[in-house]
Amino acid sequence: MTSPANAQERPKWTLVIHGGAGIIEKSRVTPEQEAGVRTGLEAALEAGSKVLANGGSALDAVQAAVQVLEDDPHFNAGRGAVFTWDGINELDSSIMDGRTRAAGSIAGSTTTRHPVALARAVMEHSPHVMLSGAGADQFAREQGLEQVENSWFGTPERRRQLDELKARQANWFDVDLKYGTVGAVAMDSQGNVAAATSTGGLTGKRWGRIGDSPIIGAGTYADNRACAVSATGAGEYFIREGVAHEICARVRFKGETLKQAADTVMAETRELGGTGGVIVTGPTGEMAWSFNTPGMYRGKASSNGERVVEFYGEQ
Ligand code: ASP
């Protein structure tokens with residue numbers, strides 16, 4: 001962790017990432033898990049920072065960071081996604097460009113290796129914002145995006161979690177005790193912001209359940225006039241609160257700092273019954289996170305040389 005003397009100056013670019021929130025406490029995370037998650041978050045920060053340091057866009061940076069986490073089986077996105085009740089993987093993702101408020105999202109994709117790349121293709125190469133299921137994957141094939149067998153996403157640990165959920169007739173949150181959705185928000189050297197989120201959703205989900213992650217305004221939002229947000233948590237509550245848009249609206253209309261807005265909205269979400277967290281950045285260069293769970297896998301980097309990865313309650 002570095003915290004250089006110039007950390008208070010307005011940075012030229014910023015990047016904040018998350019790998020899920022939940023009952024993440026030192027006593028529950030094994031050293032192997034901790035090392036694996038840390039390596040994954042550092043690799044994602046590195047990928048996104050490289051884009052931004054080279055003058056690339058916030059949009060490219062958030063996609064680059066999320067794709068690293070989609071390929072990493074420690075996180076509930078892409079490879080390593082949780083299983084549905086029927087024992088397959090259905091992936092949700094979204095991306096948004098704060099410059100134009102263009103957005104793309106997909107729900108229930110089953111064969112596209114990088115769901116965030118598909119969300120971006122929807123934004124840039126279709127007249128739509130949101131595609132779902134077989135149609136989303138058909139569009140991915142037409143766009144030449146890499147396809148894999150659905151079994152490529154599954155891991156033995158995720159299978160064990162589904163088996164445990166069924167055996168205990170447990171609620172989805174009782175099994176793994178955390179959400180593993182991934183996301184990134186960034187501001188680039190042009191002052192533009194972007195956000196992206198990717199997830200397998202909830203263990204044992206059924207009936208085509210879709211959470212907040214692919215819902216623009218709930219799990220993801222980006223607006224140069226305010227901020228960029230990516231969320232992780234109990235999607236149903238995040239949808240009802242309109243978490244990501246609500247944070248941006250408070251910043252835009254009430255003039256709150258990103259941290260104030262994020263803390264208020266997470267407290268309101270908790271009042272509804274929703275647990276989880278958010279990451280935020282904005283054109284001012286402020287970076288913030290807020291969570292109402294014991295921990296959140298998270299990291300941030302900026303042109304000022306900051307580079308932080310944290311897991312547990314406010315550190
Ligand atoms: N928000 C995701 C969902 O409800 C879950 C997560 O954050 O892990 O689908």
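The values are calculated or read from the model by the stated rules, or taken from the named source; none is laboratory data. Here the structure is a predicted model, which is why all the values come from computation and not from measurement. Because the Cβ atoms are built from the backbone with ideal geometry, glycine has one as well, and the counts that use them run over all protein chains shown.
Residue count for region 108-132 satisfying the condition of being part of a strand (DSSP E or B) and either touching a residue at least 60 places away in the same chain (Cβ under 8 Å) or charged (D, E, K, R) (or both): 3. Just to be sure before I move on: is GLN138 modelled with pLDDT under 95 and over 21 Å from ALA218 (Cβ atoms) in the structure I sent? The answer is no for GLN138.
Flag: THR84 matches the condition of being part of a loop (DSSP other than H, G, I, E, B), farther than 15 Å from VAL182 by Cβ and in contact (Cβ under 8 Å) with a residue 40 or more places away in the chain. Scanning region 29-56 for residues that are over 19 Å from the mean Cα position of the chain (by Cα) and of a type in the set (Val, Ile, Thr) gives VAL29, THR30. Restricting LEU91, LEU15 to those that are more than 16 Å from THR181 (Cα to Cα) and modelled with pLDDT of 95 or more reduces the list to LEU15. Which of the residues that make up region 302-315 are assigned to a loop (DSSP other than H, G, I, E, B) and at negative phi? Result: SER303, ASN304, GLU306, GLY313, GLU314, GLN315. The residues in region 111-157 that are under 20 Å from THR197 (Cα atoms) and among the basic types (Lys, Arg) can be counted, and the count is 2.
Of the set (1) closer than 26 Å to GLN67 by Cβ; (2) out of contact with any Phe, Trp or Tyr (no Cβ under 8 Å at 6 or more places or on another chain); (3) outside any helix (DSSP H, G or I); (4) within 16 Å of the ligand (Cβ to nearest atom), all apply to GLY191 but (4).
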